[in-house]
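Shown next, in structure tokens, is the structure this report addresses.
The values are calculated or read from the model by the stated rules, or taken from the named source; none is laboratory data. All of these numbers come straight from a predicted model, not from anything done at the bench. When we count neighbours, we look across all protein chains shown, and the Cβ atoms used for this are built from the backbone with ideal geometry, even at glycine.
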Amino acid sequence: MIKMSDAGKKKDKCDMDSRKASNKCAPQGDKGGSKSASELTEETGEVAEEKPQREAEQTEQEDEDEEKKKKEKEEEERLMEEELQSLKAYIADTTERVKGKAEARSINLAAPDNRPDESFFTKLDSSLKKNTAFIKKLRNLTEAQRESLSKELCALNLTKYIGEVAGALMDAKLKMSDVPCAIHICGILHQRYAEFSQALLESFNKYLLSKKDDKMNNASKYRVDLRFLGELVAYGILTAKEGLPVLANQLSILVSSDREEHNYLPIITSFCKHCGDDYTGIVPRKFR
């Protein structure tokens, strides 16, 4: 056997290495190879189709967000307008009420100098039957009866029945809504009869607390009576000298005798709600 020379061996080795390198670099079908032109074109088309869709979705979302913001702004403006109208109504109502109360108070405080003389009462009905019937109606007084009771009162001479009238007013199971009518009736009586205010205050004492340990028999009636007392002072039917000490004493008893259980808290808060603006300048929280 003829031996190959070293040069021949080297040449064969180089040829084999070249073939191996060529095989490694050659494409192996689809595996690991480059994508064809048709595939690239297809993918590019898909991307091109998705872009407008994404843009449309983004535009739609932006429109929805804008519409939401618009509605929120409109709702905020609506609520602000409602609050403004509510405030204006409260101011108008308060102004009218304060004006009316100031006028009534002025008349009531001036009553001692302007009461009618005896000749005025001689023209009125003094019959026992009609006066008794009127007193009975006072025990069932309601706001709906304001006009009829006022008309009947103005036609009667109650000079001999003032004590009974005052007692009937205090016996009445008034609701909070009936207090304005009771104040109106008391105003007419006060302007005509000098002894009415004192008789009413004496009747009040039968239902009020006299000391810290007194038991409250009817909390619902007491709550209304306390407001009634406060309004009588505010309207000038009871003078500050007559009524304020009594009112202050009641509030003091309520607070000092109920420091732990707070059973009287509804009574105190009710008084603040109805009379707070007259005595402490309290106004509803939403209007502060």
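Residues in the range 234-244 that are touching a residue at least 60 places away in the same chain (Cβ under 8 Å) and more than 30 Å from the chain's Cα centre (by Cα) were compared, and the one that is surrounded by the most Cβ atoms within 10 Å (Cβ to Cβ) is ILE237. Of the listed requirements (1) modelled with pLDDT of 95 or more; (2) loosely packed, with under 13 Cβ neighbours inside 10 Å; (3) basic (Lys, Arg), LYS99 misses just one: (1). Can you tell me which condition ARG223 does not meet? The list is (1) out of contact with any helix residue (DSSP H, G or I) (no Cβ under 6 Å at 6 or more places or on another chain); (2) closer than 24 Å to VAL98 by Cβ; (3) charged (D, E, K, R), and all the others hold. So ARG223 meets the others, but not (1).
Could you please find all residues in the range 257-271 being within 13 Å of LEU226 (Cβ to Cβ) and in a loop (DSSP other than H, G, I, E, B)? If the condition is that a residue be within 13 Å of LEU226 (Cβ to Cβ) and in a loop (DSSP other than H, G, I, E, B), then TYR264 is the only one that fits. Restricting LYS160, LYS173, LYS136, LYS130 to those that are touching a residue at least 12 places away in the same chain (Cβ under 8 Å) and touching a helix residue (DSSP H, G or I) at 6+ places or on another chain (Cβ under 7 Å) reduces the list to LYS173.
Among the residues in the range 168-179, are any more than 34 Å from the chain's Cα centre (by Cα) and of a type outside the set (Ser, Thr, Tyr)?
Yes; the residues of the range 168-179 include at least one that is more than 34 Å from the chain's Cα centre (by Cα) and of a type outside the set (Ser, Thr, Tyr).
Condition check for LEU247 on (1) within 30 Å of ALA194 (Cβ to Cβ); (2) surrounded by fewer than 16 Cβ atoms within 10 Å (Cβ to Cβ): one failure, at (2). For the range 120-164, the tally of residues that are touching a Ser or Thr at 6+ places or on another chain (Cβ under 6 Å) and closer than 20 Å to VAL179 by Cβ stands at 1.
Quick one: would you say ALA199 is surrounded by 13 or more Cβ atoms within 10 Å (Cβ to Cβ) and either under 31 Å from the mean Cα position of the chain (by Cα) or of a type outside the set (Val, Ile, Thr) (or both)? The answer is yes for ALA199.
Counting only helices (runs of 4 or more DSSP H) that fall entirely inside the range 186-256 and contain at least 2 residues that are closer than 25 Å to GLY281 by Cα and either at pLDDT 95 or above or not hydroxyl-bearing (Ser, Thr, Tyr) (or both), the qualifying elements are 219-234, 240-256. Filtering the range 218-254 to residues that are over 19 Å from TYR207 (Cβ atoms) and of a type outside the set (Gly, Ala, Ser) leaves TYR235, THR239, LYS241. The condition of being over 19 Å from PHE196 (Cα atoms) and modelled with pLDDT under 90 holds for only one of LEU87, LEU79, that being LEU87. Looking only at residues of the range 161-182 that are surrounded by fewer than 19 Cβ atoms within 10 Å (Cβ to Cβ) and within 18 Å of SER270 (Cα to Cα), we find that the one that is modelled with the lowest pLDDT is LYS173.
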